[in-house]
1. For segment 10-53, give me every one of the helices (runs of 4 or more DSSP H) that falls completely inside it and has 2 or more residues that are at pLDDT 95 or above.
2. Quick check, is Ser26 within 21 Å of Pro69 (Cβ to Cβ), among the polar types (S, T, N, Q) and touching a helix residue (DSSP H, G or I) at 6+ places or on another chain (Cβ under 8 Å)?
3. Which fully enclosed helices (runs of 4 or more DSSP H) of segment 56-171 have 3 or more residues being of a type in the set (S, T, N, Q)?
4. Failed condition for Glu108, given (1) loosely packed, with under 14 Cβ neighbours inside 10 Å; (2) touching a residue at least 12 places away in the same chain (Cβ under 8 Å), with all others met?
5. Please go through segment 122-154 and give me each residue that is within 26 Å of Asp85 (Cβ to Cβ), surrounded by fewer than 22 Cβ atoms within 10 Å (Cβ to Cβ) and of a type in the set (D, E, K, R), ordered by number.
6. Restrict the check to segment 155-172 and report whether at least one residue is in contact (Cβ under 8 Å) with a residue 40 or more places away in the chain, surrounded by 15 or more Cβ atoms within 10 Å (Cβ to Cβ) and under 19 Å from Asp43 (Cα atoms).
7. Just to be sure, is Asp43 loosely packed, with under 13 Cβ neighbours inside 10 Å, in contact (Cβ under 8 Å) with a residue 12 or more places away in the chain and under 20 Å from Ala82 (Cβ atoms)?
8. Which of the residues belonging to segment 173-183 are over 16 Å from His93 (Cβ atoms), surrounded by 15 or more Cβ atoms within 10 Å (Cβ to Cβ) and hydrophobic (A, V, I, L, M, F, W, C)?
Amino acid sequence: MDLTTWAHDLAESLLAESLPRRWAHSQGVAAKAVTLAPILGQDDTLLQAAAMLHDIGYAPPLATTGFHPLDGARYLRDHTSATFDLVRLVANHSCAVLEAEERGLRYELETEFPLLERDDLVAALIYCDMTTTPHGEPTTADARLAEIRSRYGDYSIVGRFIRRAAPDIYSAVCSVSHRLGNV
């Protein structure tokens, strides 16, 4: 079984029934990742798998810390044969280190799952996640960030995190868009 099929099947088994909106979002993020194949070359399957798996930490059986990037990455590390690069992408997706700091989990995240030294892949996953609605449809980064702030509130942990992460998110989206020729 190839990596993308494995990732799809695993994410579906963890999200489809219990969290159908997260499942729809994950499918949309993975579909967006497919469109980046021309700029990623041989790394396109790694990005597609990370895109499909990035939110599995929300699955009720995995949600132990309440911080989905860490919970998902720990599950992948401890219960699957996922590569460390894939696990690190999931752990650090969409500026997760800033939210980890808000939650008092930065040390654990950085120690267990150091950021992948591939800015292009990190930016690509941010682009895919932050230009896809919770329902799996394409959107702009502006609309996505506004939706997140609206859903969680500006002064919640997620609201504070997303305000801090916004410059890095916009930078990643702009960088990937430029590479795609969508400027």
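1. Ranges flagged: 20-34, 44-53.
2. It is true that Ser26 is within 21 Å of Pro69 (Cβ to Cβ), among the polar types (S, T, N, Q) and touching a helix residue (DSSP H, G or I) at 6+ places or on another chain (Cβ under 8 Å).
3. Of the helices (runs of 4 or more DSSP H) lying wholly inside segment 56-171, none has at least 3 residues that are of a type in the set (S, T, N, Q).
4. Result: Glu108 passes all but (1).
5. Hit for segment 122-154 is Arg144, nothing else.
6. Within segment 155-172, one or more residues are in contact (Cβ under 8 Å) with a residue 40 or more places away in the chain, surrounded by 15 or more Cβ atoms within 10 Å (Cβ to Cβ) and under 19 Å from Asp43 (Cα atoms).
7. no
8. Correct list: Cys174 only.
The values are calculated or read from the model by the stated rules, or taken from the named source; none is laboratory data. All values reported here derive from a predicted model rather than from experimental measurement. Counting neighbours? That spans all protein chains shown, and the Cβs are built from the backbone with ideal geometry, glycine included.
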